[in-house]
Amino acid sequence: MGTNDPVLCAIDHRGVAAVTLNRPRVNNAYDGALIDALTLTFARLEGEPGLRVVVLRGAGKHFQAGADLSFLDHLRSVSPEENREFSRRTVAAIRGLQLFPLPVVALVQGGCFGGGVGIAAACDIAVAAEDAVFALSEVRWGITPAPIIPLLVERIGARAAGRFALTGERFDAVMARQIGLVHEVCPAAELEAAGALVVDHLLMAGPEAVATTKRLIAEAVETPFTGEFHDHIVAEAASRRRSAEAAEGLASFKEKRRPRWYPRR
């Protein structure tokens, strides 16, 4: 992976992957190459042994500025089939990020516009710098945020999504926290430290339990609470208590020590 690639990825000794959107000269605006690289990066990480957490950043001053306007202009001139195919790839990239089996933490600074809002919303945990500015600006250009609408309705609700997707207005990090788009706001100089603390909390948790909990949350959002789903979660809770990971977790708590899954050098 070269330093000029649209998405960079490095994994440290703890099993924490740093994924960086890497088009800082255009504020990490997405084009076909960035969307495809994001999809491929997370597909490759899904099979990475020992991976625990992914931290997603934007290179430079801004997290992600939405679509590259020159690329949107290009899409207006391609065939209907090619235009539709790019929309399919965009939805797949966002959905793949949302359903990635391990926790993904977004660190948001500067501008986070359009598809960038969708990327932040797709992550499990989002921390924003005080200087972060958000907007679902597509309607200002006469287009729609269709690929991320279902995700936004799920994450922040139809009411908040309606206001900001219909007006295209900008809003600050405090408002982003109020509507549930981000979980925490901190001074810009403390963004990395705030993200590191979230990562440490995740590393203290049992990796199997974390992955299962993330899957159950996704299932609960999309599955009616039928008798079948009731039986599924009852069985999941019961079997998890008998797991080796649960035995180690309870033992570490009783013995006042870190669990064996917490990374050591």
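Computed quantities for the displayed model
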{"item": "Highest average packing first - 181-187, 132-138, 234-240, Cβ atoms within 10 Å", "result": "132-138, 181-187, 234-240"}
{"item": "Peptide ranges 209-215, 114-120, 24-30, 58-64 listed from the most packed, as the mean C-beta count within 10 angstrom indicates", "result": "114-120, 58-64, 24-30, 209-215"}
{"item": "Residues of type aspartates and glutamates that Lys254 reaches as a straight line, Cα spacing below 19 Å, ignoring anything fewer than 8 places off in the same chain", "result": "Glu245"}
{"item": "Percent accessible area from carbon and sulfur atoms, the chain, protein chains only, probe 1.4 Å", "result": "57"}
{"item": "Quarter of the Cα convex hull surface for the range 1-131, i.e. its orientation-mean projected area (nm²)", "result": "7.9"}
{"item": "Solvent-accessible area per residue, Å², over the chain with all protein chains present [probe radius 1.4 Å]", "result": "53"}
{"item": "The chain: antiparallel DSSP beta bridges as a percent of all, rounded to 5", "result": "30"}
{"item": "Read-out volume of the Cα convex hull per residue in Å³, derived from the coordinates shown; its label in [x] 175; [y] 151; [z] 235", "result": "[y]"}
{"item": "In order through the range 247-264: 3J(HN,Hα) via Karplus (6.51 cos²θ - 1.76 cosθ + 1.60), integer Hz, x for Gly, Pro", "result": "4, 5, x, 5, 5, 5, 5, 5, 8, 6, 9, 6, x, 5, 7, 6, x, 10"}
{"item": "Chain lengthening between His201 and Phe253 when straightened (0.36 nm per residue, less Cα-Cα)", "result": "17.2 nm"}
{"item": "Contour minus Cα-Cα distance for Ala33 and His183 (0.36 nm per residue)", "result": "51.0 nm"}
{"item": "Order by protection proxy (mean Cβ within 10 Å, highest first), peptides 11-22, 70-81", "result": "11-22, 70-81"}
{"item": "Distance between modelled label sites at Arg163 and Phe229, nm, 7 Å Cα→Cβ extension", "result": "2.8"}
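The values are calculated or read from the model by the stated rules, or taken from the named source; none is laboratory data. Not measured: the values here are computed from a predicted model. So basically every Cβ, Gly included, is an ideal-geometry build from the backbone, and we count neighbours across all protein chains shown. To get the accessible areas, we keep the full protein, side chains included, count just its heavy atoms, and leave off ligands, DNA and RNA. Shrake-Rupley method; radii C 1.70, N 1.55, O 1.52, S 1.80 Å.
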